[in-house]
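*Asks:* The structure that follows is given in the form of structure tokens.
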Amino acid sequence: MSEVFLSECEGISFILPDGSHRIVSKGTSLHTVAESISSSVAKNAVYAEIDGRPADLDETVQDGGHLNIITLFDEEALIPVRRSCLMLLAAAVKQLYPSVRLVGGQQTENGFHYDFAASTPFTMDDLTRIEAQMVRLIAENPVLLKEKVTKLQAKEYFLKSGEDFKCLKVDDIKLNDSLKICQIQGCMDIIDGPVVPDTRFLKYFRLLKVSGAYWQGSAESIQLQRITGTAWVSNKQLKEWLERTEEAEKRDHRKLGRELDLFHFQDNAPGAVFWHPRGWAIFQALIAYMRKQHDTAGYYEVNTPDVMDRGLWELSGHWDNYHDHMFTTQTEDGRSFALKPMNCPGAVSLFKHGIKSYRDLPVRLSEFGKVHRYEPSGSLHGLFRVRHFTQDDAHIFCTQQQVKAECINILKLVLGIYKQFGFEDILIKLSTRPEKRIGSDADWDRLENALSTSLEAQGLQWSVNPGEGAFYGPKLEFVLRDAIGRDWQCGTLQVDMNLPARFDINYIAEDGLAIRPVMLHRALFGSLERFTGILLEHYAGKLPAWLSPVQAVVMTITDKQQAYAQQVMKMLRQKGLRCETDLRNEKIGYKIREQTLARTPFLLIIGDAEESEGRVTVRDRSGKCLGTMLLDEAADSIELYCRPPEVVID
């Protein structure tokens, strides 16, 4: 390799991440450059980046720049690994089922999926065969042939191969010159980036399921077969992910909803929750908790109409920009209405009603408003993605001078509440001005500074998402990490310069001038339905005692204690506890086991001895016996344990 390395004036110079230089002759492959760094780097190299541009390792260098060799130890390696697995999957399917047509693949957060047009649906047995074929291909270590071709050349190939869906994809590509294709043993597909240099990097994959999908996401189009898989760069990563996934399946809120009798869904009300008594108890406990927090923090609870005229939605901009997600109707008198998809226009309408003075500000309005948004049927997912849901919205109207203080108060409230729900690991993201926006640079400077300095004032860490703010203002996003390490984006704090201008709202300043207020949107839970699902999975159904739908069950050993059981339940309910009795003619061990599986926090067991002494034997849901106590003592202890958390105080 000595002939590769030349003086700087003779060759191409690369700057490595550590600041060192590599000088190579023009036409040297990037893999050879990796070998010059170290044999370990070359062995584990997946692709390279030249001035941020991704490149395959067999690409020959023509120009220098900043060079970064991405290895299996870098998180970025997952992208080409999964892209290559998509190619491998397509090749395996075509080898086993030649009549199947390729539609297209896509990477996901934890893997990939590929859609196929097949005359007969795939089965789990097919999935096993396909996975085995992929393993055989990896063992053969076929060359991944890459080539740049014109759109015309690509389309001609796909036409000859009978791949009509691929022809349509080529037509959709807006490039006028060339595109990149890759072949594995005669199976060709379009790729949008580097692939692995060696199929040995693809060993750690798993095909997970087969499901139905629609061409271009439309239920009116042809139905496709979707194969979903996951791929990682090491067996350790794959094993850990499979274990996390298995645990997540155990915690699936839809499964828990059935087991704990909390809610259900029906085909005649897609995306809307049928809350059962126990599930509704959780929902109402969340609202009662938040209502108490709002009262203490100086919010006024309001309620705005669910159905409002088209004119209001045109004024807010939703009719033109969000119409496809709105449920609309027209009445006999020719007026058009919409179920509200958001609470914001109603809150602005409330503020606009009547004259507001600077002395009235800040005005903090909270609303548990039901909103309705059309989501495609295929995207609905339990409580996490619904069409009808309740938001814990709040809208704060304040002066420019009050923005920072209000943001600090909101941060204290939001983070304090998350902590009370058991979320300590919270990621905060600040999204700043996008290219297309309203307002002056001075406005954005002031508002972005208000958000960042409020974070600094609390000593908080945050990341910046440059250009990811809404066109009408910057925002903060709060991402919660749950018990098994998954991230959930929940709360937001959004500055809005749009709606105050659209609705022309003002307050009268001290000098008598009409001034436009700053509007802050704030949601903590986001959707109460979704947050309930997150809590169920975070706690694996063992919700905190104060939030449990049934906090105590009184159970009898024999029929003789039924009257005393009713007396015990009455006392517990008088203390505000959600309590039930279990008077069935079953063995006490069976009752205890069943109520423990139901995640009931406290079990109160009574037999002849307890009744004669006015006592109860108390067990918790972990199986621990807390002892036999006087009824008053037990009721007081359980009531104290089941009290909701204290109000978050600044």
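*Asks:* Out of curiosity, is residue 630 touching a Gly at 6+ places or on another chain (Cβ under 9 Å) and open to solvent by 40 Å² or more (accessible area, probe 1.4 Å)?
*Replies:* Values: touching a Gly at 6+ places or on another chain (Cβ under 9 Å): yes; open to solvent by 40 Å² or more (accessible area, probe 1.4 Å): yes.
Yes.
*Asks:* Right, something else. Taking the condition of being polar (S, T, N, Q), over 17 Å from residue 271 (Cβ atoms) and not in a strand (DSSP E or B), how many residues in the stretch 365-407 meet it? Reasoning before the result, please.
*Replies:* Going through the stretch 365-407, the residues polar (S, T, N, Q) turn out to be 366, 377, 379, 390-391, 399-402.
Right, trim to over 17 Å from residue 271 (Cβ atoms) and you get 366, 399-402.
With the extra rule that they be not in a strand (DSSP E or B), the set shrinks to 399-402.
Number of matching residues: 4.
*Asks:* Name every residue in the stretch 217-231 that is over 26 Å from residue 241 (Cβ atoms), of a type in the set (Gly, Ala, Ser) and in contact with a helix residue (DSSP H, G or I) (Cβ under 9 Å, 6 or more places away or on another chain), in order of residue number.
*Replies:* Correct list: 217, 219, 221.
*Asks:* Mind checking whether some residue in the stretch 463-472 is open to solvent by less than 60 Å² (accessible area, probe 1.4 Å), assigned to a helix (DSSP H, G or I) and out of contact with any helix residue (DSSP H, G or I) (no Cβ under 6 Å at 6 or more places or on another chain)?
*Replies:* No; the residues of the stretch 463-472 include none that is open to solvent by less than 60 Å² (accessible area, probe 1.4 Å), assigned to a helix (DSSP H, G or I) and out of contact with any helix residue (DSSP H, G or I) (no Cβ under 6 Å at 6 or more places or on another chain).
*Asks:* Scan the stretch 159-185 for residues that are in contact (Cβ under 8 Å) with a residue 24 or more places away in the chain and either of a type in the set (Val, Ile, Thr) or in a helix (DSSP H, G or I) (or both) and report the count.
*Replies:* 7
*Asks:* Checking the structure you have, find out if any residue of the stretch 262-283 is β-branched (Val, Ile, Thr) and under 19 Å from residue 380 (Cα atoms).
*Replies:* At the first step, the residues of the stretch 262-283 found to be β-branched (Val, Ile, Thr) are 273, 282.
Pick out the ones that are also under 19 Å from residue 380 (Cα atoms) and you get 273.
So far as the stretch 262-283 goes, yes, one or more of its residues are β-branched (Val, Ile, Thr) and under 19 Å from residue 380 (Cα atoms).
*Asks:* Inspect all residues belonging to the stretch 348-355 and state whether any of them is open to solvent by 60 Å² or more (accessible area, probe 1.4 Å) and part of a loop (DSSP other than H, G, I, E, B).
*Replies:* Taking the stretch 348-355 as the starting set, the residues that turn out to be open to solvent by 60 Å² or more (accessible area, probe 1.4 Å) are 350, 352-353, 355.
Among the residues that remain, those that are also part of a loop (DSSP other than H, G, I, E, B) are: 353, 355.
Looking for residues that are open to solvent by 60 Å² or more (accessible area, probe 1.4 Å) and part of a loop (DSSP other than H, G, I, E, B), one finds at least one in the stretch 348-355, hence yes.
*Asks:* If you don't mind, there's one more thing I want to ask. Somewhere in the stretch 234-247, is a residue within 21 Å of residue 112 (Cα to Cα) and either at pLDDT below 90 or β-branched (Val, Ile, Thr) (or both)? Spell out the reasoning first.
*Replies:* Kept after step one, since they are within 21 Å of residue 112 (Cα to Cα), are these residues of the stretch 234-247: 234-247.
Filter again for either at pLDDT below 90 or β-branched (Val, Ile, Thr) (or both), leaving 245.
Scanning the stretch 234-247, I find at least one residue that is within 21 Å of residue 112 (Cα to Cα) and either at pLDDT below 90 or β-branched (Val, Ile, Thr) (or both), so the answer is yes.
*Asks:* Restricting attention to the stretch 484-498, and to residues there that are modelled with pLDDT under 90 and within 18 Å of residue 394 (Cα to Cα), which single residue is most open to solvent (accessible area, probe 1.4 Å)?
*Replies:* Filtering first and then ranking leaves 497.
*Asks:* When the residues of the stretch 193-224 are filtered to those that are under 26 Å from the mean Cα position of the chain (by Cα) and at pLDDT below 90, which remaining residue is least open to solvent (accessible area, probe 1.4 Å)?
*Replies:* Ranking the qualifying residues of the stretch 193-224, first place goes to 213.
*Asks:* Next question, about the same structure. For residue 399, work out the one condition from (1) buried (at least 19 other Cβ atoms within 10 Å of the Cβ); (2) within 30 Å of residue 439 (Cα to Cα) it doesn't fulfil.
*Replies:* Against the list (1) buried (at least 19 other Cβ atoms within 10 Å of the Cβ); (2) within 30 Å of residue 439 (Cα to Cα), residue 399 comes up short only on (1).
*Asks:* Being within 20 Å of residue 496 (Cβ to Cβ) and assigned to a loop (DSSP other than H, G, I, E, B) is the filter here, so list the residues in the stretch 423-461 that pass it. Before the answer, list the steps.
*Replies:* Applying the first criterion (within 20 Å of residue 496 (Cβ to Cβ)) to the stretch 423-461 yields 428-455.
Selection gives 432, 433, 434, 435, 436, 437, 438, 439, 440.
*Asks:* Here is a list of conditions, (1) of a type outside the set (Ser, Thr, Tyr); (2) open to solvent by 20 Å² or more (accessible area, probe 1.4 Å); (3) in contact with a Pro (Cβ under 9 Å, 6 or more places away or on another chain), and residue 303 meets all of them except one; can you say which number that is?
*Replies:* (3)
*Asks:* Can we say residue 297 is over 21 Å from residue 370 (Cβ atoms) and either surrounded by fewer than 16 Cβ atoms within 10 Å (Cβ to Cβ) or small (Gly, Ala, Ser) (or both)? Give the steps one after another, and end with the answer.
*Replies:* Details: over 21 Å from residue 370 (Cβ atoms): yes; either surrounded by fewer than 16 Cβ atoms within 10 Å (Cβ to Cβ) or small (Gly, Ala, Ser) (or both): yes.
So residue 297 passes the test.
*Asks:* Among the residues in the stretch 608-617, are any in contact with a Leu (Cβ under 9 Å, 6 or more places away or on another chain) and of a type in the set (Asp, Glu)? Working first, answer last.
*Replies:* First, pick out the residues of the stretch 608-617 that are in contact with a Leu (Cβ under 9 Å, 6 or more places away or on another chain): 610, 613-617.
Keeping just the survivors that are of a type in the set (Asp, Glu) gives 610, 613.
Yes, the stretch 608-617 contains at least one residue that is in contact with a Leu (Cβ under 9 Å, 6 or more places away or on another chain) and of a type in the set (Asp, Glu).
*Asks:* A further question on this structure: Can you tell me which residue in the stretch 422-449 is modelled with the lowest pLDDT, limited to those that are open to solvent by 10 Å² or more (accessible area, probe 1.4 Å) and small (Gly, Ala, Ser)?
*Replies:* 439
*Asks:* Just checking, how many residues over the stretch 49-68 are free of Cβ contacts under 8 Å to residues at least 40 places away in the same chain and either hydrophobic (A, V, I, L, M, F, W, C) or open to solvent by 50 Å² or more (accessible area, probe 1.4 Å) (or both)? Even if it seems obvious, please write down each step before you answer.
*Replies:* Let us first name the residues in the stretch 49-68 that are free of Cβ contacts under 8 Å to residues at least 40 places away in the same chain, namely 49-53, 59-60.
From what is left, the residues that are either hydrophobic (A, V, I, L, M, F, W, C) or open to solvent by 50 Å² or more (accessible area, probe 1.4 Å) (or both) are 50-53, 59-60.
Residues in the stretch 49-68 being free of Cβ contacts under 8 Å to residues at least 40 places away in the same chain and either hydrophobic (A, V, I, L, M, F, W, C) or open to solvent by 50 Å² or more (accessible area, probe 1.4 Å) (or both): 6 in total.
*Asks:* Got a number for residues in the stretch 231-286 being open to solvent by 70 Å² or more (accessible area, probe 1.4 Å) and touching a Lys or Arg at 6+ places or on another chain (Cβ under 7 Å)?
*Replies:* Residues in the stretch 231-286 being open to solvent by 70 Å² or more (accessible area, probe 1.4 Å) and touching a Lys or Arg at 6+ places or on another chain (Cβ under 7 Å): 1 in total.
*Asks:* May I pose another question? Within the stretch 119-146, can you find the residues that are of a type in the set (Asp, Glu) and under 37 Å from the mean Cα position of the chain (by Cα)?
*Replies:* Our first condition is that a residue be of a type in the set (Asp, Glu); within the stretch 119-146, this holds for 125-126, 131, 140.
Scanning the stretch 119-146 gives 125, 126, 131.
*Asks:* Next up: May I ask you to say which residue of 298, 271, 279 is in contact (Cβ under 8 Å) with a residue 60 or more places away in the chain and within 18 Å of residue 535 (Cβ to Cβ)? Don't jump to the end; show me each part of the working.
*Replies:* Details: 298 fails: within 18 Å of residue 535 (Cβ to Cβ); 271 fails: within 18 Å of residue 535 (Cβ to Cβ).
Residue meeting the stated conditions: 279.
*Asks:* Return the residues of the stretch 40-61 that are more than 40 Å from the chain's Cα centre (by Cα) and either closer than 15 Å to residue 73 by Cα or assigned to a loop (DSSP other than H, G, I, E, B) (or both); say none if nothing qualifies.
*Replies:* Within the stretch 40-61, the first condition is being more than 40 Å from the chain's Cα centre (by Cα), and the residues that meet it are 60-61.
61, the sole residue that qualifies.
*Asks:* So which pairs qualify, if the first residue must be in the stretch 226-237 and under 12 Å from residue 131 (Cα atoms), the second must be open to solvent by 30 Å² or more (accessible area, probe 1.4 Å) and of a type outside the set (Lys, Arg), the Cβ gap must be under 6 Å, and the two must be at least 6 apart or on different chains?
*Replies:* Taking only residues 6 or more apart or on different chains, the pairs are 227/210; 228/208; 229/208; 230/110.
*Asks:* Sticking with this one: If residue 96 meets every condition in (1) surrounded by fewer than 16 Cβ atoms within 10 Å (Cβ to Cβ); (2) under 29 Å from the mean Cα position of the chain (by Cα); (3) at pLDDT 95 or above apart from one, which number is that one?
*Replies:* With (1) surrounded by fewer than 16 Cβ atoms within 10 Å (Cβ to Cβ); (2) under 29 Å from the mean Cα position of the chain (by Cα); (3) at pLDDT 95 or above applied to residue 96, the lone miss is (2).
*Asks:* What number goes with the only condition from (1) open to solvent by less than 20 Å² (accessible area, probe 1.4 Å); (2) within 18 Å of residue 280 (Cα to Cα) that residue 388 does not pass?
*Replies:* (1)
*Asks:* Also: Could you tell me whether any residue of the stretch 177-188 is modelled with pLDDT of 95 or more and over 22 Å from residue 98 (Cβ atoms)?
*Replies:* Restricting attention to the stretch 177-188, the residues satisfying the condition of being modelled with pLDDT of 95 or more are none.
No, there is no match, as no residue in the stretch 177-188 is modelled with pLDDT of 95 or more and over 22 Å from residue 98 (Cβ atoms).
The values are calculated or read from the model by the stated rules, or taken from the named source; none is laboratory data. Given the structure is predicted, the values throughout are model-derived calculations rather than measurements. Reconstructed Cβ throughout: ideal geometry from the backbone, glycine too, with neighbour counts over all protein chains shown. Accessible surface areas use protein heavy atoms only, side chains included; no ligands, DNA or RNA. Shrake-Rupley method; radii C 1.70, N 1.55, O 1.52, S 1.80 Å.
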